[in-house]
Every structure is written in structure tokens, then in C-alpha cells.
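Novice: Below you'll find the structure I mean.
The values are calculated or read from the model by the stated rules, or taken from the named source; none is laboratory data. Not measured: the values here are computed from a predicted model. Note: ideal-geometry Cβ built from the backbone for every residue, glycine included; neighbour counts use all protein chains shown.
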Amino acid sequence: MKGFNYVLVILVLMAGLVFPQPQWSPLGSPEGGKINVFLEKDGHYFVSIGEGYTFGAMYRSDDGGNTWKLKINGLAINYPARAMTKNNQYIFAIVYNSGVFRSSDYGENWEPCSNGIPSSAFGVQTIYNYSDGNSDILYHGSHNYGIFKSTDNGDTWTPFSSQAPEEYINELLKINDYLYAATSDGKFRSLNGENWEEVDDGIIAPYLKFIYCIDYFNGNMYAGLSDKVYRSSDFGETWFDVTNNVSGGYAFAINNGLLYKIGYSGIYHTTNGENWIPVQNNLFSGNYIPDILIDNNLLLAGVDMLFRSEDGGATWLSSTEGIANQRIDGLFIHNGYWFISGPEGLMRSSDNGITWETTYSLSTYAKQFYSFNNFLELIFFKIFLNFYWIICC
């Protein structure tokens, strides 16, 4: 009889999972997550959010970063977008392990545009748009598959170089007909894509010369490593350390005659590459900041939470309306409903992500779902959790 009672309890719990009761609590916004990359186009701000290599989401702000809306229609969301770029017609995003996507309507709709790039090339990668004033050229840098080029807005891609460095290509930059590649083991450049030369003389690293970012500012090139910043005045022939005790650089940005860099010690800017002035240290110090968006005096930056400054970085406020400061672990769309799982349970939206409500809260013994691939998998995982609570808790 006792065993029968246990079975009856389990069946009741399973029935409650498959046919949930109407217990809803409006939250107003989906959960947020780790910041990956920013992009600005025509006054619209975009931010890619996602945790690790599990789930991704794209948000857009039309009011200077005050409020955000989810924009993922047609965009792969099984992984985060790791790199973005733009030209006059499109914005482009590379989604890890999924390919290149583009949007012509500011993220309202996305479409894949990876024709010509092997599907196995979409690991760690970058995308770069070069415009000579008459036409645009897109470059896609991969790992172990070289660099691909598109001259038709991503409709087709052809190999620019099969002999490109085999290291991780973190960033691409074109200067004076040369394409520069910042990689996990130094910096290289090529005129035609077939012949590459190493141009990192003077860059010193204890192990690999892992170069995160490169940029060109006031006639000089800059390279950012985790603990150093280097400058070259001869297009990469020789490099000199200009770190000056303010840590390295994970990303550069240029705005209003200033070069900004972000690193573990915070955000800094300079006019000459030698004297780095702190923008904000305490808020971000000690954290890996993957990217920053700067538009005149407005700055957007974040790690696990998005912050916004309207005075050039002197003061900061959280910018999370539409993006709360919690993590997203999985997202699935089923029968017109959007489901999001996170540390506190499962939420559902019936209006394409504008408003959200809690549909299932997890106990302290099982605080999060991970990515789910289909609705039945989600249901069976919830059943498994209840079995776990009965047996172990």
C-alpha cells in the first residue's frame, strides 16, 4: 500500500506538469545574461547576450539604451552571437556554430547568409566590413578554415585565403590594401590573401602572443593583449609597449578624437596612446568586459549586467529595462509561446517577448534548466526534477 501511495503521488505530480494550473505572476521583462558584443546603426543600439556556449539572444534599444526589446525572429538562438558588423544596407551577426545572419530592418527579421562557408567553420570567429566609399567587402575569419570574402552583402562567400594563419582569428582590419589579422599567436598581414607575413616584432608575451583586438587611430596601429597594449607607427613592422600600468585591452573603440580601451582594470581613453585616463575603474575593475559601445557621451558596457553612462563615463546607471540582471539558460518557441528558462525557473511570453510571466518555479535543490531542444524534452526534464525531489529530498 505504501508503494502504491508513492506511485499515486508521482502520477499526480506528473499530471500537474503536463497540465499546469493557471498560476501566473507577471515579471515585465525576460531575464538577461552575459554581454558578448555591441553594435550601433543609425541610432539603434544592439547587444548580443548569452551564457557560455548554450543560449543566445539579441536585444535592440531605440531610446539610447534606456529600454530594450528582444529581436530574434529568424536568428539562431542555440548559441550567442560572438561578432557583429554593419554596412549601409544590413547588420550582420555571427552566431557560434550556426553561421552568419543578416538583417535589413534593424533586427526585426534575420536571415542566414553563409553560402560558401563550410558549416564546420563556425567556431570562434570574427566578421569585418571594409568600405572604400564605393563598395563594401565583408571578411569572415574562422579557425582552421582561413578567411572568406563576400562582395554581395553575404549572398555568397569565397575563400580569400586558404593559407591564412591557423590560429584563432580574433579580429580583422584593413589598412592601405593590407588585411591584418589579430590571432591567438601574433599578428599577420597579407596583400593578396595567399602570402602572409608575421608583423609582431616587439610584442612580448610569456606564452602565446594572444592578440584580442587591433585598431588604427591617429596614424598608429594598436594591439591589445590581456596584460599589455602595444603601438606601431610603421604599419606593424615594429611595436612598442604603451600599457603604462593600466592592464591590457580586450577591445578598442574610437569616438570624438579619443581611443578607448577596456581591460581588467577598467575603461580608459587616450589621445596619444601613452597617457591613459580612467573613465570608470571601480564599476568594472577585475571583470572581463567583452565589448563597449560609445556614441558621443553615451557609453554602454557590461559583464553580467548592462550599464549606461550619459556623461562620458563619469557616472553609470544600470540599463536593464527589458533585460533583467539574471541569466538565460534556454529558450524555446512552441505554438506561438516563447519559453525562457533561468536560475529561478521557467517563464512564458504570449506577445513575442514584450511581457513575461512565471510558469514554473524551481526548488533550491534544482535551480536551473539548461538548454532544451524541444517542448517534450522540457516537459520530461521537469518530470525528472520532480522524481529527484521525491527520491532525494
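Novice: Among (1) closer than 18 Å to S318 by Cα; (2) small (G, A, S); (3) out of contact with any strand residue (DSSP E or B) (no Cβ under 7 Å at 6 or more places or on another chain), which single condition is G65 missing?
Specialist: (3)
Novice: I've got another one for you. Go through F92, F148 for me and flag whichever is crowded, with 22+ Cβ neighbours inside 10 Å and either more than 16 Å from the chain's Cα centre (by Cα) or at pLDDT below 85 (or both).
Specialist: Numbers: F92 fails: either more than 16 Å from the chain's Cα centre (by Cα) or at pLDDT below 85 (or both).
On inspection, the qualifying residue turns out to be F148.
Novice: Cβ-Cβ under 7 Å, sequence separation 6+ or interchain: first residue in the stretch 62-82 and in the same structural domain as S309 (by TED's automatic domain parsing) and at negative phi, partner at pLDDT 85 or above and among the acidic types (D, E). Which pairs?
Specialist: Going by the 7 Å Cβ cut-off, the qualifying pairs are K71/E108; N73/E108.
Novice: Look at N97 and say whether it is surrounded by fewer than 22 Cβ atoms within 10 Å (Cβ to Cβ) and farther than 16 Å from G56 by Cα. Spell out how you get there, then give the answer.
Specialist: Values: surrounded by fewer than 22 Cβ atoms within 10 Å (Cβ to Cβ): yes; farther than 16 Å from G56 by Cα: no.
Here the answer is no, as N97 does not meet what is asked.
Novice: If you don't mind, there's one more thing I want to ask. Output the residues belonging to the stretch 230-253 that are closer than 19 Å to I292 by Cα and in contact (Cβ under 8 Å) with a residue 40 or more places away in the chain.
Specialist: Y250, A251, A253
Novice: In addition: What are the residues in the stretch 104-144 that are surrounded by fewer than 21 Cβ atoms within 10 Å (Cβ to Cβ), farther than 19 Å from S48 by Cα and touching a His at 6+ places or on another chain (Cβ under 8 Å), if any?
Specialist: A121
Novice: Another question, if that's okay. Could you tell me whether any residue of the stretch 205-215 is within 20 Å of N87 (Cα to Cα), part of a loop (DSSP other than H, G, I, E, B) and modelled with pLDDT of 85 or more?
Specialist: If we filter the stretch 205-215 for residues that are within 20 Å of N87 (Cα to Cα), which is where we start, we get 214-215.
Of the ones still in play, those that are also part of a loop (DSSP other than H, G, I, E, B) are none.
No, because not a single residue in the stretch 205-215 is within 20 Å of N87 (Cα to Cα), part of a loop (DSSP other than H, G, I, E, B) and modelled with pLDDT of 85 or more.
Novice: Among E237, E194, which is the only one that is more than 21 Å from V37 (Cβ to Cβ) and modelled with pLDDT under 90? Steps first, answer last, please.
Specialist: On the way: E237 fails: modelled with pLDDT under 90.
None of the other options fit; the residue is E194.
Novice: Between G154, G186, which is closer than 19 Å to K209 by Cα and touching a strand residue (DSSP E or B) at 6+ places or on another chain (Cβ under 6 Å)? So that I can check it myself, show each step before the final result.
Specialist: Numbers: G154 fails: closer than 19 Å to K209 by Cα.
Of G154, G186, the one residue that is closer than 19 Å to K209 by Cα and touching a strand residue (DSSP E or B) at 6+ places or on another chain (Cβ under 6 Å) is G186.
Novice: Consider only pairs whose beta carbons are under 9 Å apart and that are at least six residues apart or on different chains; among these, list those whose first residue lies in the stretch 34-57 and is part of a strand (DSSP E or B) and whose second residue is of a type in the set (D, E) and at pLDDT 90 or above.
Specialist: If the second residue must be of a type in the set (D, E) and at pLDDT 90 or above, the pairs left are H44/D62; Y45/D62; F46/E40.
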